[in-house]
Amino acid sequence: MTTLDQMTEASSDSTASIDPHLGSRHKTIRGWVFWPAAAIALAFIAFAMLFPAAAEATFGAVQTTIVSAFNWYYVLIAAFFVVFALTMGFSRFGSIKLGKDEDEPEFSTMSWFSLLFAAGMGIGLVFYGVSEPLSHYVEPRPGVEGTPNQLAQQAMSQTFLHWGVHAWSIYVVIGLALAYAFHRRKRPRTIRWALEPILGARLVQGAWGNAIDVAALVGTLFGVATSLGLGVIQISAGLDYLNVVSPSVISEAIIVGIITGFVLFSVLSGVGKGMKWLSNINLVLAGVLMLYLLFTGPTEFLLRDVVQSIGNYIQNFVGLSFTTSAYSGEDGVAWQGAWTAFYWGWWISWAPFVGIFIARISRGRTVREFVTGVILVPTLVGILWFTVLGGTAIYGELTGTVSLVGADGSVNVSTALFQMLQGVPGSVVLSVGFLILIGIFFVTSADSGALVMGMIATGGEEEPKRWVRIFFTLATSLIAFALLLAGGLTALQTAAISIALPFSIVLLAICGATVVAFRRELRAYDKAERAQLRASIGEHYGLEVEEPNQRGIFGIPVRWGRRLVVPPATPVETRSDAD
């Protein structure tokens, strides 16, 4: 280890010993993390499935209350996370290495981008790819008015807001802290260690650490369940479109059961390579479907739209970031709850899951590389995705070539994708392709989600016992089904918004902890450089030079505090030719 590494390692609060049971060799669950989270999950499942009507009414009331009281809070912290992420990446902290100084990136740049793309794609993008831009066009945010063309432009910008920089800045907050803890500090892979710089190792290993991991575990559980619930809704709608089976509680239960069976097979078989292969197939399938829609649809319009929409998104970024629909009354509150507040809550609840993933793949990157890649790549991919799918639907509405709006003037978010595909050549094949896409996303999301939750529940074990992963697989599927019974989409949104409220406090604390850790890091480097300077100057160290124009080592002044510390000129002995 280099001198700089030694100084940096010693600079952090590492005096307290680390419990070996929290390391990678830990083979049993941590009871104070697993059982509270399991109790919350089981209590929720029992309430929603035994009393669905009461649960539906409760979820509706909870969503209204939280959005009314905390809408401003969600908007403010989401904007703060954007500022925080950009500050970390483009300030003096940007050069810090997420790993040892000699570590090289584990993945090539292209492979790393591909993995970030994998993290950015999911059931939500398929579910909302058509329905969200179209919904904002048909039923714009209260207070937004204009011509059809203006409303269409606003719809794309609003969609980009929800799926772009803000979402990935939230993931940067936790991913950056975890990457530093995992790769630089060699800490176990749980959320609690992101707060070690402000809590210290002793508190992190105690009750405070347990509470943090419980919040992260419950948030991940409900975040993944929300995504799976959306997947079930859309699979059911697709099967209805193909005249296979009509949507019902029984059909949704069968869909959940079949896909859960595939997930359990993956968990029990332990075939990691198979899941990686399946994920790669899904990414290729998503790309093929998107490109097919691009080149068989209004290609010229879509290419112009993506460029113009990016510019409009950038131009209106600040205003959209702080919009709370304050002057729109109850309609504005309802809209915020259904869209912006739901998304900010959903991303916060997903943050532990995605954060651990992107931290894991980012060893050897600098903070600046991490922030730039994590925010830029998925945002651009999302913009292209929504432009192709949503832009195709809006183009059909603007030109009158297709009508995707119901008789009541609303958009059916669960069937909008399949309605749009009716106007595209090969619609049946495309519909089957998208159903396969959603199904594989369901399997990979549930499997990887169970793995991450198992890691948290076992204190950082990289390969949790199978029964732990099976429990979280079943719990996630049951929660998704319970949410569908207790209100469908509204219940899914309520779960995300509610769970995010307590965990947002953890994210804010992680921001503070990251700043503390990075400041210590820079102080350690400064201390190491001064130690090297003392060693090179020797007995002349500390002499102050009066002449401001004098130079130090290699002719460059060296700053010590507020003084210029330079070595005095050493007399040079001259020799005569006779010598």
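Worth pointing out:
- C-alpha long axis of helix 165-179 to longest principal axis of the chain, angle in °: 50 degrees
- Theoretical ellipticity at 222 nm over the chain - DSSP helices of four or more residues, -39500 (n - 2.57) apiece, nearest 500: -24500 deg cm²/dmol
- Magnitude of the charge dipole, segment 239-376, Cβ model with Lys/Arg +1 and Asp/Glu -1, debye to 20: 860 debye
- Rg(Cα) / (2.2 N^0.38 Å) computed for the chain, rounded to two decimals: 1.09
- HN-Hα J in Hz across segment 449-455 - Karplus 6.51, -1.76, 1.60, θ = phi - 60°, x for Gly and Pro: x, 5, 5, 5, 5, x, 4
- Cα→Cβ-extended label distance, 7 Å offset, between K186 and L384, nm: 4.0 nm
- Translational diffusion of segment 333-491, µm² s⁻¹ [Kirkwood Rh, Cα pairs; Stokes-Einstein; 37 °C; 0.692 mPa s]: 172 µm²/s
- Taking each residue as 0.36 nm, the span from T147 to E330 lengthens on full extension beyond its C-alpha to C-alpha distance by 63.4 nm.
- Segment V284-S269, extension gain: residue separation times 0.36 nm, minus the distance between their alpha carbons: 3.0 nm
- Summarising the amide proton neighbourhood of T366: residues at separation of 5 or more, or on other chains, whose placed amide H is nearer than 5 Å comprise L98.
- Segment 417-481 - convex hull of alpha carbons, volume per residue in Å³: 98 Å³
- Percent of C-alpha pairs per 5 Å bin, segment 299-375, short to long: 3, 11, 12, 14, 16, 19, 16, 7, 2, 1
- Of M290, V402, F182, farthest towards positive along the dipole that unit charges on Lys, Arg, Asp, Glu beta carbons give the chain: F182
- Computed E for E106/S68 - FRET, C-beta separation, R0 35 angstrom, nearest 0.05: 0.15
- With R₀ set to 45 Å, the beta-carbon distance separating I254 from F113 gives a calculated FRET efficiency near 0.75.
- Segment 508-529 and segment 304-361: distance between their alpha carbon centers, rounded to Å: 30 Å
- FRET efficiency for L376 and F262, using Cβ-Cβ distance with R0 set to 35 Å, rounded to 0.05: 0.55
- Given 15 as the ceiling on other Cβ atoms within 10 Å, longest exposed-site-free region of the chain for GluC sites (Glu not before Pro) in DSSP loops: 146-461
- Using θ = phi - 60° in the Karplus curve 6.51 cos²θ - 1.76 cosθ + 1.60, the 3J(HN,Hα) couplings for segment 416-432 round to 4, 4, 6, 5, 5, 5, 4, x, 10, x, x, 4, 5, 5, 4, 4, 4 Hz; x is entered for Gly and Pro.
- When only the Cβ of Lys, Arg, Asp and Glu is charged (+1, +1, -1, -1), the dipole of the chain relative to its Cα centre reaches about 1300 debye.
- Overall Cα dimensions of segment 214-337, principal axis frame, Å, largest first: 50, 41, 35
- Put simply, segment 404-545 fits an ellipsoid with semi-axes of 53, 23, 19 Å; these come from the alpha carbon gyration tensor as the roots of five times its eigenvalues, largest first.
Read-outs: derived from the displayed coordinates by stated rules, not from any lab. Quick caveat, the model's predicted, so the values are computed rather than measured. Virtual Cβ from ideal backbone geometry, glycine too; neighbours counted across all protein chains shown.
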